[in-house]
Amino acid sequence: MAKVAPPEELAKVDHTPPKKGWMDMPVELKEGRWCYGSKPKDHEVTGLPNPRAWSPGDEDWKLPENWQEIFLEGMRERLDKFRSFRLFMDICVRCGACADKCHFFIGSGDPKNMPVLRAELLRSVYRGEFTTAGKVLGKLAGGRKLTYDVFKELFYYFFQCTECRRCSLYCPYGIDTAEITIIGRELLNLLGCNIDWIAGPVANCYRTGNHLGIQPHAYHSMIEFFCEEIEEITGILPEPSLNRKGAEILFITPSGDIFADPGTFTAMGYIMLFHYLEGLGLDITWSTYASEGGNFGSFTSHEMMKRLNSKMYAEAKRLGVKYIIGGECGHMWRVCNQYMDTMTGPADFLEVPKSPITGTVFENAKSHKMLHICEFTADLIKHGKLNLDPSRNDQYKVTFHDSCNPSRGMGFLDEPRYIINNVCNSFFDMPINTIREQTFCCGGGSGLNTDEIMDLRMRGGLPRANAVKYVHEKHGVNLLSCICAIDRATLPPMMEYWVPDVEVSGVHELVANALILEGETKRTMNLRAEEFPWVEEEEVEEAAAEVILEAADEGVEEAAEEVADEEAAGEAEGEE
């Protein structure tokens, strides 16, 4: 893990503009801000080009001899294929509206992390290699040639972008800078320049069906372990089905929920909710093969994104289900909502999702036939189908982090808040310019949640941490809830660094805490095996009552003895 300065030092960010022009500033790969290079074995599994052992810290990146030709031809193909890409290369007027909207620029002060300038790194190559003005006038027209140093600069900064799209929200021309990053990474991949924390999970998806490389039997064992934990807490042992053909619904969630805290508590929440609903007609199964909702292919290329998205639907077809419910994930939903129709077309072999409990037809899922778990649960609450006790979450004062992909990517803003307000008694939103469409990123999305860039992650997390700190100090907020597995992985170390009194959870962990199961034993603990806040009070009251009873019993015994003594004395006097 890269060394990170203390928070009070890291918060001192210098945003003073440099005296030199950006083209005159050579790239400097700073420790803690670049990721480890991808491994050759992962290239071989996925078919990525140029498998070799390499490091961005090396002078020689072992590129093919014709690397410039490969890169520029790939760029030409994408300019012809994606009209939006060519448009974004041409229409930027460098107004700077996006400049201070990027969390990495706010946290680092590096001008090349301004979205406009990060895109300009590639846009300058476009001008210098593809436009007449750029070829003739070069730097005067904002153009430059593709050199080795320029290529390294592209790698360095395109992997300092989480593709969160916050900058795009403020662009008066509607330029989606995340799309430029996606294309930039595709071009880097043509030369085998990816990072380990992206290529590795993608290869694992090829091998085992999920990013973490969990084998089917291990996945099954973890589900069983969760059920045993639930039995200890509730006295009820759920029995979820796996790989069952003919079920009505297939449930797919990120693998991070199965093997990484605090996501594991969210997975336990799913299991408890489904167990509760079985008596109401829910017919659902999990899969140990399509065991990943996330899509790290979206951080690699459009083609890889398409491949990994297709595996979920292939499993749905194999099992013969009617539709899919997806867990709390971010890029899973952005891929399905923004890209799937143009990549693979509508999933016509499935049905439009209809809740078997409430009868609600979710027309918004008419094309991709996949329902978000929060949509499903919010609908259940709205129709009064869940027996909930919000006081079981009274130890928490909750705020909600709008994960970038569900919020900006699919407009998913109100359902999570509706659920939280029905399962918790204390909810406080962060300032309006840091939530909903304007939400700040966790600082570790799009494959950047890796330890060697912890300095960059903490800097990128500063704007979100500031907003959390605000509600923590004003309202006593101690829990940050979210609906993204990457957030549940990246936010805990960020909170520990910037706001150490705040924990992180998924929404369905809170749902399960509040959910009253039929036949459950008296609940004294939440899913984290922490006692509910009133348990200690009840124990004190019970102890006090026992003391009173004992005292009362002792008083009764003493009174009885006195009465007996008096009766004995009276009898003695009578005999005399």
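The values are calculated or read from the model by the stated rules, or taken from the named source; none is laboratory data. Keep in mind that what you see is a predicted model, and the values were worked out from it rather than measured. Neighbour counts are summed over all protein chains in view; Cβ atoms, including those assigned to glycine, are modelled from backbone coordinates with ideal geometry. Heavy atoms of the whole protein, side chains included, go into the accessibility calculation; ligands, DNA and RNA do not. Shrake-Rupley method; radii C 1.70, N 1.55, O 1.52, S 1.80 Å.
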Q: Out of Glu315, Glu292, report the one residue that is modelled with pLDDT of 90 or more and crowded, with 23+ Cβ neighbours inside 10 Å.
A: Glu292
Q. Only one of Cys102, Cys98, Cys35 is of a type in the set (A, V, I, L, M, F, W, C) and not assigned by TED's automatic domain parsing to the domain that holds Cys161; which?
A. Cys35
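For every residue, the table says whether it meets (1) under 28 Å from Arg165 (Cβ atoms); (2) modelled with pLDDT of 95 or more.
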site: Ala2; (1), (2): yes, no
site: Glu9; (1), (2): no, no
site: Lys20; (1), (2): no, no
site: Lys39; (1), (2): no, yes
site: Asn50; (1), (2): no, yes
site: Trp61; (1), (2): no, yes
site: Phe71; (1), (2): yes, yes
site: Phe85; (1), (2): yes, yes
site: Gly96; (1), (2): yes, no
Q: Answer yes or no: is there a residue in region 175-197 that is open to solvent by less than 10 Å² (accessible area, probe 1.4 Å), touching an Asp or Glu at 6+ places or on another chain (Cβ under 6 Å) and farther than 17 Å from Gly57 by Cβ.
A: yes
Q: Evaluate the following for Thr300: is it farther than 21 Å from Leu388 by Cβ, more than 16 Å from the chain's Cα centre (by Cα), of a type in the set (Ser, Thr, Tyr) and open to solvent by less than 10 Å² (accessible area, probe 1.4 Å)?
A: yes
Q. Got a sec? Which of Asn449, Asn466 is out of contact with any His (no Cβ under 9 Å at 6 or more places or on another chain), open to solvent by 10 Å² or more (accessible area, probe 1.4 Å), more than 30 Å from Leu386 (Cα to Cα) and outside any helix (DSSP H, G or I)?
A. Asn449
Q) Restricting attention to region 430-442, does a residue exist that is aliphatic (A, V, I, L, M), open to solvent by less than 40 Å² (accessible area, probe 1.4 Å) and under 13 Å from Cys374 (Cβ atoms)? A) no
Q.
Quick check on my filter: what residues within region 55-81 are loosely packed, with under 14 Cβ neighbours inside 10 Å, assigned to a helix (DSSP H, G or I) and in contact (Cβ under 8 Å) with a residue 12 or more places away in the chain?
A. Arg76
Q.
Out of Pro431, Pro390, I need the residue that is modelled with pLDDT of 95 or more and under 18 Å from Leu527 (Cβ atoms). Which one?
A. Pro390
(Q) Within region 185-238, take every residue that is outside any helix (DSSP H, G or I) and without any contact (Cβ under 8 Å) to a residue 24 or more places away in the chain and give me the one that is farthest from Ser38 (Cα to Cα). (A) Leu237
**Q.** Criterion (among the aliphatic types (A, V, I, L, M), closer than 29 Å to Thr450 by Cα and open to solvent by 20 Å² or more (accessible area, probe 1.4 Å)) met by exactly one of Leu237, Leu242, Leu212, Leu280
**A.** Leu212
Q) Does Leu350 count as hydrophobic (A, V, I, L, M, F, W, C) and more than 30 Å from Phe155 (Cβ to Cβ)? A) yes
Q: Assess whether Lys30 counts as being open to solvent by 50 Å² or more (accessible area, probe 1.4 Å), at pLDDT 95 or above and within 32 Å of the chain's Cα centre (by Cα).
A: no
(Q) Phe155 - would you say it is outside any loop (DSSP other than H, G, I, E, B), farther than 21 Å from Arg464 by Cα, among the aromatic types (Phe, Trp, Tyr) and open to solvent by less than 10 Å² (accessible area, probe 1.4 Å)? (A) yes
Q.
Going through Asn393, Asn405, Asn387 one at a time, which residue ends up being over 28 Å from Pro492 (Cα atoms) and in contact (Cβ under 8 Å) with a residue 24 or more places away in the chain?
A. Asn387
Q.
Return the pair list, or none, for Cβ contacts closer than 7 Å from residues in region 508-534 that are over 16 Å from Ile420 (Cα atoms) to residues that are among the hydroxyl-bearing types (Ser, Thr, Tyr) and open to solvent by 10 Å² or more (accessible area, probe 1.4 Å), at least 6 apart or on different chains.
A. Leu517/Tyr276; Glu531/Thr524; Phe532/Thr524
Q.
Please verify whether Asp14 is assigned by TED's automatic domain parsing to the domain that holds Ile180, open to solvent by 60 Å² or more (accessible area, probe 1.4 Å) and under 30 Å from the mean Cα position of the chain (by Cα), treating the condition exactly as stated.
A. yes
